[in-house]
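Every number in this text was worked out from the coordinates using simple rules, so none of it is lab data. Remember, it's a predicted structure, so these values are computed and weren't measured experimentally. When we count neighbours, we look across all protein chains shown, and the Cβ atoms used for this are built from the backbone with ideal geometry, even at glycine.
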Amino acid sequence: MNIETFIKDWIAVSNSYDTEKYLEFYLNNAVLDDHSVGRKFIGHDGIKDYFVSYFIGYQTQTELRKLEIKGNSAYLEVEFTGDFPEGKIGGSFDFIFKDDKIEFVKAALI
């Protein structure tokens, strides 16, 4: 698995608002823990709710700022722009991968 390519593809699909393709990046039982909203989103149903609410709902676009890869994990810093009060804000993701998909990701605003 080429993690750098995976992350760039994940961002591109996110920016295109293709929910079904977005979910294909995650294991069926993946966990997305977003500290900025104070919730864990579990499995495809939970992650779909997160994506629809915070990315499609706010027309969020994500731009890669920093990527650090270590083994089967990656740390990502991004810049979000969209229809939310700040208009532009930084974010981070800590990924753990399994079987060429996202098993766990911790998200936060920075």
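Given H placed on each backbone N at 1.01 Å, which residues far from Phe104 in sequence or on other chains put an amide H within less than 5 Å of it?
Val31, Ile96
Determine the gain in length on full extension of the stretch Glu103-Asn72; use 0.36 nm per residue of separation and subtract their C-alpha separation, reporting nm with one decimal.
Length difference between fully extended and current span is 10.1 nm.
Taking θ as phi - 60°, what are the ³J(HN,Hα) couplings along the stretch 40-50 by the Karplus curve (6.51, -1.76, 1.60), each to the nearest whole Hz, with x for Gly and Pro?
So the J values, rounded to whole Hz, are 9, 10, 10, x, 4, 5, x, 5, 4, 4, 4.
Convert each backbone phi in the stretch 65-79 into a coupling constant with the Karplus relation 6.51 cos²θ - 1.76 cosθ + 1.60 (shift: θ = phi - 60°), then list the ³J(HN,Hα) values in order as whole Hz, x for Gly and Pro.
Per residue, the Karplus-derived 3J(HN,Hα) values read 10, 7, 9, 10, 10, 9, x, 9, 9, 8, 10, 10, 10, 9, 10 Hz.
Work out the FRET efficiency for Ser53 and Glu79 from their Cβ-Cβ distance, taking R0 = 22 Å, and round it to the nearest 0.05.
For R0 = 22 Å, the calculated efficiency reads 0.65.
Tell me, in nm to one decimal, what length is gained between Ser16 and Arg65 on full extension, where the rule is 0.36 nm per residue of separation less the Cα-Cα distance?
Here the answer is 15.8 nm.
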